[in-house]
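The values are calculated or read from the model by the stated rules, or taken from the named source; none is laboratory data. Predicted model, so just to flag it, every value in this text is computed and none were measured. Cβ atoms come from the backbone with ideal geometry, glycine included; neighbour counts cover every protein chain shown. When the accessible area is computed, the model is the full protein with side chains, heavy atoms only, and any ligands, DNA or RNA have been set aside. Shrake-Rupley method; radii C 1.70, N 1.55, O 1.52, S 1.80 Å.
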Amino acid sequence: MKLLYFTPLLNNVGGLERTLTDKANFIASDSNEVMIVTYEHDGEPAYELKESVEHVDLACHFFTIYRYPFFRRFSEALRLKRLFHQKLKAVVNRFRPDVVVVTVPNTENFICDVMKVVKPVPVVIESHLAYGYSVIRRGLAEKLLYLVYNPQRAIRRSQLLVALTSGDADNWRRHGVRNIVKIPNPLTRYDMTPPAVEKVPGRIICVGRLTRQKRYDRLIDAFALLADKYPQWHVDIFGQGEDLEELQQRILAKGVRIRILKPTKDIYTEYWRSQFFVMSSDFEGFGLVIIEAMSCGLPIVSTNCPHGPEEIIADGETGLLANLDTSDLAEKIEWMITHESERQAMGASARRAAADYLCKDVAKRWEQAYKSVIAK
């Protein structure tokens, strides 16, 4: 099988990039050839690719159109689209894939182009963000482009859509997509023997990009309700993103013990050193960091947002699900702080549950899905 993945970039430290890299590395073998095509990659990949996985960047930097005045953006977008089409066609003609996989979000305005270039090669759509949230656009120009390219129509014409959760799969079905399979993200690493590291007393850990979606403002406000009551506890957030300065200012204003730390490639050590994990998002495609933390024996406190957390976390057994409000999130965090023995038992249960997502098992299901499309 010759498999071509299409995604914007690989240099972000994020769940999509991590999952895509892990799957590509697993599937690449003597009988499978894998290529990843990006179009605005900049720098080194965030996660290591096997030498057998070929990475090609088309160097069509669509983000540069926003430096131009409003109406100029359309002409620049069309120019880059022509360049994109030419470069992608050359790559496809050379590689000759058996199946093409397009990840969403962020590629919606390219799906029609990809389908035209690769036809009659079957196209699989991988939905990495809850339906509805992946199609949100900011600004009039982006909304107009979205209407022009109409990615929903193109997605309905794909041979298969892979959803990470049952909730996301149901939403796609309600919007006219029929050929859907649900396969979760894989967990690449699972330490059979816990490493010899000491836990940091009172440490709560959070991991994710500093964007509006993650709602770290909600977490900051929730912890502010508890900080004076539990002075031995603190929060460490590992992430980067456009909301960094705003969040730093909020932390200073609230006077809480919260640090924002740069992403690390050794995040598993940080999980093992922590007491429990918190997610405060408004929405998620899956929540890869949840199963990563669970694999390190951490119980989870998470907002019950669409769609990943409730399908991963057994409420009261491997973690606690909170409503999408500050007070309930604070209440769940406080319970975890004040129930040490129950917290440790939850962590042990979470570690056992995480084993259901091992890469060797889940990645095989992805590979079988791709091959089923080729067979049809």
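In sequence order, what are the phi-derived ³J(HN,Hα) couplings for the stretch 260-266 according to the Karplus relation 6.51 cos²θ - 1.76 cosθ + 1.60 with θ = phi - 60°, rounded to whole Hz, with x for glycine and proline?
Couplings: 10, 10, 5, x, 10, 6, 9 Hz.
Whole-Hz Karplus ³J(HN,Hα) for the stretch 183-195, in order, using 6.51 cos²θ - 1.76 cosθ + 1.60 and θ = phi - 60°, x for Gly and Pro?
9, x, 6, x, 9, 6, 10, 9, 6, 5, 10, x, x
Ser341: accessible area at probe 1.4 Å, nearest 10 Å²?
Approximately 80 Å² for this residue.
Using a 1.4 Å probe and ignoring any ligands, DNA or RNA, find the accessible area of Met115 and quote it in Å² to the nearest 10.
Met115 exposes around 30 Å² with every protein chain in place.
At R0 = 56 Å, how high is the FRET efficiency between Arg94 and Asp325 if r is their beta carbon distance? Nearest 0.05 is fine.
0.60
DSSP loop (so not H, G, I, E, B), at most 16 other Cβ within 10 Å: list which GluC sites (Glu not before Pro) in the stretch 229-269 pass both filters.
Of the GluC sites (Glu not before Pro), the ones in loops of the stretch 229-269 whose Cβ has at most 16 other Cβ atoms within 10 Å are Glu242.
Describe numerically, in nm with one decimal, the distance between label points set 7 Å from Cα along Cα→Cβ at Glu245 and at Ser29.
For the pair Glu245/Ser29, the computed spacing is 5.0 nm.
How about the stretch 159-231: which trypsin sites (Lys or Arg not before Pro) there lie in a loop by DSSP and see at most 13 other Cβ atoms within 10 Å?
Qualifying residues, ordered by number: Arg178, Arg189, Lys199, Lys229.
Sort Asp113, Asp168 by accessible area with a 1.4 Å probe, largest first. Each step should come with its number before you reach the end.
Values: Asp113 25, Asp168 0 Å².
If we order Asp113, Asp168 from most to least accessible, we get Asp113, Asp168.
For the chain, what mean projected area does the convex hull of the alpha carbons give, in nm²? Display every interim value, and only then the final one.
Working: hull surface 75.3 nm².
If you wrap the Cα atoms of the chain in a convex hull and average its projections, you get 18.8 nm².
Which lysines, on any chain, are close to Lys265 with Cα under 24 Å apart, when same-chain ones fewer than 8 places away are left out?
Cα-Cα hits under 24 Å: Lys23, Lys50, Lys199, Lys214, Lys360.
Can you send over the solvent-accessible area of His307, 1.4 Å probe, protein chains only, in Å² to the nearest 10?
Probe radius 1.4 Å; accessible area of His307 about 30 Å².
Can you list residues whose amide H is under 5 Å from Asp57's amide H, if they're 5+ apart or on another chain and H is modeled 1.01 Å from N?
Thr38
Where does each of Arg273, Arg94 land when they are ordered by accessible area, with a 1.4 Å probe and the largest first?
Arg94, Arg273
Given H placed 1.01 Å from N in the peptide plane, which residues other than close sequence neighbours of Leu3 have an amide H under 5 Å from its amide H?
Long-range HN contacts for Leu3: Glu33, Val34, Met35, Asp98.
For Leu358, enumerate residues with amide H under 5 Å from its amide H, sequence gap 5+ or separate chain, H modeled in the peptide plane.
Those lying under 5 Å, H to H, from Leu358 are Leu187.
Can you work out the Karplus-derived ³J(HN,Hα) for every residue in the stretch 225-234? Use 6.51 cos²θ - 1.76 cosθ + 1.60 with θ = phi - 60°, whole Hz, and x for glycine or proline.
Per-residue couplings from phi come out as 6, 10, 4, 5, 6, 10, x, 7, 9, 8 Hz.
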